[in-house]
Structures are given as structure tokens and as C-alpha cells.
Amino acid sequence: MRRAAVAVATTAMAVSLAACGSAKESGDKGDSSDSAAKKGDDIKVGLLLPENQTARYEKFDKPLIEKKVKELTNNKGEVVYANAKQDATLQAQQVDTMITNKVDVLIVDAVDSKAIAGSVKKAKDQGIKVVAYDRLAEGPIDAYTSFDNVTVGKTQGEALLKALGDKAKSGQIVMMNGSSTDPNAAQFKEGAHSVLDGKVNVGREYDTKEWKPENANANMEGAISAVGKDKIVGVYSANDGMAGGIITALKAAGIANIPVTGQDAELAGVQRIITGEQYMSVYKSYPQEAEVAGAMAVALAKGESLDSIAKEKVDSATTKGVPSVLVPVVSLTKDNIKETVIKEGFYTLDEICAGNYKAACDKIGLK
Ligand code: BGC
């Protein structure tokens, strides 16, 4: 009896020592006298983002995650950053480099959610926990944060229907979805179809290679010649970057005044909403998403539970019950610019209404 009790106690101690050991390895160099609060603050977080053409990543996600990590580690935590520029092979190499550099935890926004699975597994084999950021990476991830991406697609579809009104079936719409390597793109598409199907005619539909505005531009040119410039009544664009390429093609063909959707509330997108070239965007609170990711990463690096951070569970194709946080989204049109992007400090009124945009702002009463 007694021996058994001792054995249990020893095991428990071994476990807590192991936990201590990992905190030490993770770089806690603080002096042991004021241990508890500072233990593990000196952590290294590897941050991998997928591309840099879409403005959000380096303007919002990166600095916001860095800020949160600093905040939660008494300024001792460090974020090591790499951007894959839409190249899944490069992203796999970036993970290898981070493993070599002994990061304590990874935050990964995958270029290709399937291809990244091997890298996730490699990191995990080295004891490095992985947070899937924005896109649900496959492989043994420990946590996930994103927006409700099916709702993003529904929001876009509903806005397009509203803008089309009784013209919805009077012609064809063109659907420009995101990259087929991005699971979010599939969810946006699913959400959009769930509200558009049966209510519009889809003349042409594309999955856009690497989410690139120039590819969306080329596909739009193709759609205009195939469908006919007088037949297109609206365009579903999965994000603002592509909406930019699409609107350039529409203008070049002399098509104006048809609704085009978007997502991300990029400054250029918001400005096109003000001039009326783009109908809507989806406003997503990057501060909320980034703060969750930072908190998850710090907790995992310190060996703490995620229970107080992540209340939901999400399944990926390979991993069930991943602790997750999904942040809600808002449809952004010319009517709620003040309550959204300006209120949350994405942009100032002066930035949005700069130069030539001043007149357009005045016209819609944005001041
Ligand atoms: C993100 C969008 C972004 C797109 C292109 C998606 O996974 O959720 O915000 O526009 O990727 O990078």
C-alpha cells in the first residue's frame, strides 16, 4: 500500500519536474527566487504567415501577435517571423529553420493546409506545440483560431443578393473564389453558395490560383468575353485583393455600377466602397484573432492549459477536437465604416478620405 502511494507521488513529481524542465529549456533564465510569475516568460514564438500581397498579414496580424506575446511575457517573449509568399515548399523550409532555431511554439497560417501536415508532425516530434492560425492546418495541431468562415461566405452572398435586388436573375454573376489550397476558401465558397444557389445564375466560377489579384484579373477578363459584358450583373469576389483585380478588368471593359463583394477591409477596399466601385467587404477583427493566437501560443509554450482561452472544439480532416476560438464577422458597407474600421483603429478618417477620396467621403456623409 505504502509503496504504491510513494510510487504515485514519485510519478507525480517526475511529471512536475518534466514540466519544469521544459519551462527551463524554453528559455526561462529568470532568477529562481521570484520564479512562479516569470517562469517561462523568456519564450520564442515562431510565426509563419502565408503571403504578403494581402495587406492584413504584415499590417495587422504580425504586429498584433507580437504585441500580445510581449504583453503576456513581461516583454521577454520573442517572435521569430517568416512569410512564405504563397510558396508551400518555402513554408516547409521555414518550419525546419524554426525547429533548428529551437522555437518553443509555432503559430502557422498555412499556404497549403494539407501539405503543411508533415511539418506540423515534425515540429510536434521535437516537442514544439502548434497553433493553426486563420487556416485550419492538417496534422497534429494543438489549437486553432480563425473566424467563422462559412459565415464569411454567407455574409458576402447575402450582401450580393441585397445589392442585386430584383435584378438577381436578370443576368449572370461571376464567382471568384480563393485558392484551392486554402480550407478557408472552400468554406467561403460553401457559405456563398448556400445563399446564392437558386437565386442567381452563375455564368462563370473560378478558384483563383494563390489568391492573386492578377489571376483574378485574368479570370475576370475571360469571364467577360465568355458571358458578354452586358450580361454580367454582379461579381462574388472572396476578398478585397482579388476585387481590386476584378474591378480593373470591369472598368477596362466599360462595365460600371455592378456590385462586387470582398473581404478583409483593406484600405484600398474601403476606399473603393466609398467611391461605389466595390459594394462590400467583410470586416474581421484581426486584433481579436491575433490576441487569441498570442495567448494560445504563450500558454502552450509555458505548458499551461487552454481551457480558459478556447471553449470550442473543431475537427480537421486529420485531427479531432482541436481547442478553438472562432471570432464573429461583420458585413462592411458604406453605411458602417465609422462603427467598424474607424472605431477599432484600423484606419483614421483622414487616411480613408485622403486626397481624391475626400469628395467621395463627403458624398456619402462620412466625416
Ligand atoms: C484569409 C483571408 C485572406 C485570404 C488570402 C484567407 O485564408 O482568411 O483573410 O484574404 O486568405 O490571403
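The values are calculated or read from the model by the stated rules, or taken from the named source; none is laboratory data. Predicted model only: the values in this text are computed from it and were never measured. So basically every Cβ, Gly included, is an ideal-geometry build from the backbone, and we count neighbours across all protein chains shown. Surface accessibility is based on the protein's heavy atoms, side chains included, excluding ligands, DNA and RNA. Shrake-Rupley method; radii C 1.70, N 1.55, O 1.52, S 1.80 Å.
Okay, here's what the table says:
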item	result
Of the criteria (1) surrounded by fewer than 18 Cβ atoms within 10 Å (Cβ to Cβ); (2) touching a Phe, Trp or Tyr at 6+ places or on another chain (Cβ under 9 Å), which one A185 fails	(1)
Filter result for T181 (part of a helix (DSSP H, G or I) and within 16 Å of the ligand (Cβ to nearest atom))	no
Wholly within the range 54-134, helices (runs of 4 or more DSSP H) carrying at least 3 residues that are over 30 Å from F346 (Cβ atoms)	88-100, 117-125
Options K154, K122: the member that is free of Cβ contacts under 8 Å to residues at least 60 places away in the same chain, within 16 Å of the ligand (Cβ to nearest atom) and of a type in the set (D, E, K, R)	K154
Options A299, A359, A295: the member that is part of a helix (DSSP H, G or I), open to solvent by 50 Å² or more (accessible area, probe 1.4 Å) and farther than 26 Å from T155 by Cα	A359
Selection within the range 337-356 - open to solvent by less than 30 Å² (accessible area, probe 1.4 Å) and more than 20 Å from the chain's Cα centre (by Cα)	I337, I352, C353
Residue that is farthest from the ligand (Cβ to nearest atom) [pool: residues in the range 158-178 that are more than 19 Å from the chain's Cα centre (by Cα) and small (G, A, S)]	S170
